[in-house]
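Worksheet: one structure, shown below.
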Amino acid sequence: MDPSPLVIRRQSFAELDPVVAYRIWALRSEVFVVEQKAAYLDLDGRDLEPGTVHVWCAEKATDPGAVGSGEDPGVPVGTLRVLDDEDVWRVGRVVTAAPHRGRGVAAAMVREVLALCSDRPVVLDAQSHLKDWYAGFGFVGTGAEYADEDGIPHVPMRREAGPA
C-alpha cells in the first residue's frame, strides 16, 4: 500500500463528523448486509458508548471544506470499532471497501488499534478465513469455530496486552 493517499483516524462517536459517520455506516452496510448477505442490526447502540473508538481509513480529501465546517476528512475506505469491555478491548465491525482490499488498509487499522490498546488484552471474533491473517498480529484462537446467525464461520481470538 502506498501510505501517501491514505490517512488513519481514530475518534469517539462525539468526535465523528455526521457525514463521516453516515459514510462509515453505509460502508458497513454495503459489505456486511449487501455483499455478505448478513441481515442483522448493525446499529446496536455500542457505537455511541463513551469508551468506543472508531478507527477508520480514508483517501485523503481533495476538496477542503466539503464536509462539515472544516477540512474534508475524506471518504472512509475501511473502518473498525474498538469497544471498552472492562477487562479487554473488543475489536469488531472490521471492513474494507472492495476496491481497496489487498492494499493494506485493514492491516494499517489493526496496527493502529494495537498501538492504542496495548494496556489490556484485545479480543475479536474473526471470520474463520482470516484466522491466519489475525495470527500475524499476535492473535491466537481461544475457542472452537462457530457460525454466527447468518451462517458465517467465525473463531474467537485474543491478543495479550503489550506493545504492538
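Hey, could you check segment 10-45 for residues that are among the β-branched types (V, I, T) and touching a residue at least 24 places away in the same chain (Cβ under 8 Å) and say which is nearest to H100 (Cα to Cα)?
Among them, the one singled out is V31.
For residues that are over 14 Å from the mean Cα position of the chain (by Cα) and either under 18 Å from Y22 (Cα atoms) or not in a strand (DSSP E or B) (or both), scanning just segment 72-89, find the one that is modelled with the highest pLDDT.
Within segment 72-89, the match that is modelled with the highest pLDDT is D87.
Are there any pairs with C-beta distances below 9 angstrom linking a residue in segment 148-164 that is in a loop (DSSP other than H, G, I, E, B) to a residue that is of a type in the set (D, E) and loosely packed, with under 15 Cβ neighbours inside 10 Å, with the two at least 6 apart or on different chains, and if so which?
From segment 148-164, the pairs are A161/D119.
Sort through R120, R111 and tell me the only one that's in a helix (DSSP H, G or I), over 24 Å from K37 (Cβ atoms) and not hydrophobic (A, V, I, L, M, F, W, C).
Answer to the selection: R111.
Matching residues to (1) surrounded by 19 or more Cβ atoms within 10 Å (Cβ to Cβ); (2) under 20 Å from D87 (Cβ atoms); (3) in contact (Cβ under 8 Å) with a residue 60 or more places away in the chain:
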{"position": "R120", "(1), (2), (3)": "no, yes, no"}
{"position": "D125", "(1), (2), (3)": "no, yes, no"}
{"position": "H129", "(1), (2), (3)": "no, no, no"}
{"position": "W133", "(1), (2), (3)": "no, no, no"}
{"position": "F139", "(1), (2), (3)": "yes, yes, no"}
{"position": "A144", "(1), (2), (3)": "no, no, no"}
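Answer with yes or no whether G92 is surrounded by fewer than 20 Cβ atoms within 10 Å (Cβ to Cβ), over 17 Å from the mean Cα position of the chain (by Cα) and either of a type in the set (G, A, S) or at pLDDT below 95 (or both).
Spelling it out, it is not the case that G92 is surrounded by fewer than 20 Cβ atoms within 10 Å (Cβ to Cβ), over 17 Å from the mean Cα position of the chain (by Cα) and either of a type in the set (G, A, S) or at pLDDT below 95 (or both).
Test each condition in (1) more than 28 Å from S12 (Cβ to Cβ); (2) exposed (fewer than 14 other Cβ atoms within 10 Å of the Cβ); (3) of a type outside the set (S, T, N, Q); (4) modelled with pLDDT under 95 for I152 and report the one that comes out false.
Among (1) more than 28 Å from S12 (Cβ to Cβ); (2) exposed (fewer than 14 other Cβ atoms within 10 Å of the Cβ); (3) of a type outside the set (S, T, N, Q); (4) modelled with pLDDT under 95, the lone unmet condition for I152 is (2).
Which one is modelled with the lowest pLDDT, of the residues in segment 7-52 that are more than 15 Å from the chain's Cα centre (by Cα), hydrophobic (A, V, I, L, M, F, W, C) and surrounded by 14 or more Cβ atoms within 10 Å (Cβ to Cβ)?
A38
Given (1) under 15 Å from the mean Cα position of the chain (by Cα); (2) at pLDDT 95 or above, where does H100 come up short, assuming only one miss?
That leaves (2) as the condition not met.
The values are calculated or read from the model by the stated rules, or taken from the named source; none is laboratory data. Because the structure is a prediction, the values reported are computed rather than measured. Note: ideal-geometry Cβ built from the backbone for every residue, glycine included; neighbour counts use all protein chains shown.
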